[in-house]
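Following: one structure in structure tokens, then a few remarks.
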Amino acid sequence: MEPQVLRVIPHSEIFLVVIAIFVTGLIMQLFIATHIVHTIENSIFNRIPLLRQIYFSIKQLTHALNPSDQITFKYVVHVPFSSPGTYALGFLTNYIHPHLAPHRDIPYVSVFVPTTPNPTTGFYLVVPEKDCRILDITRQEAMTMIISGGILQPEIDNHQE
């Protein structure tokens, strides 16, 4: 015997299947998938030296670039790097405590400059805050520029300047 709801709504069985799949996926994600991911991380990725470094570096980078994570990379900046007149694209990560700064009377910041094309490695710089130029682009746009070696750039409205 078919329930009355299935007779009233045309093709209601399709909606029921979609809802069942959604609920099953939600349950899997909340309870089972997290356990499976942790098991795989601990049993496979954590035991193979080279794979462990690559996997966890990419995982940390992905977490750092998550748009909801506003703490890790505060700003995208240009900083002097390598030689006079040369600049690198980097991420301002924190402000340096005066006791850790090279000169206590000048404010310094921590900047991470990722390398191209593998942004999971890079350089950690302590730079005077006045030498950092904050850019008005997202962290994802900056990472796209870095990974592509500058080939891909964000679309900037030329009328803003």
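Take Thr116 and Arg133, extend 7 Å from each Cα along the Cα→Cβ direction, and tell me the distance between the two endpoints in nm.
1.7
Between Ile21 and Ile36, how many nm apart are label points set 7 Å from Cα along the C-beta direction?
1.6
Using only the alpha-carbon atoms of segment 75-160 as identical scatterers, what base-10 log of I(q)/I(0) does the Debye formula give at q = 0.20, 0.26 Å⁻¹?
These q points yield log10 I(q)/I(0) values of -0.93, -1.33.
What is the set of long-range amide H partners of Tyr95 at a cut-off below 5 Å, with H atoms built 1.01 Å from backbone N?
Those lying under 5 Å, H to H, from Tyr95 are Ser110.
Only the coordinates and a few stated rules stand behind these numbers; no lab work does. Just so we're clear, the structure is a prediction, and the values are computed from it rather than from any experiment. Positions of Cβ are generated from backbone atoms using ideal geometry, with glycine treated the same way; all protein chains shown enter the neighbour counts.
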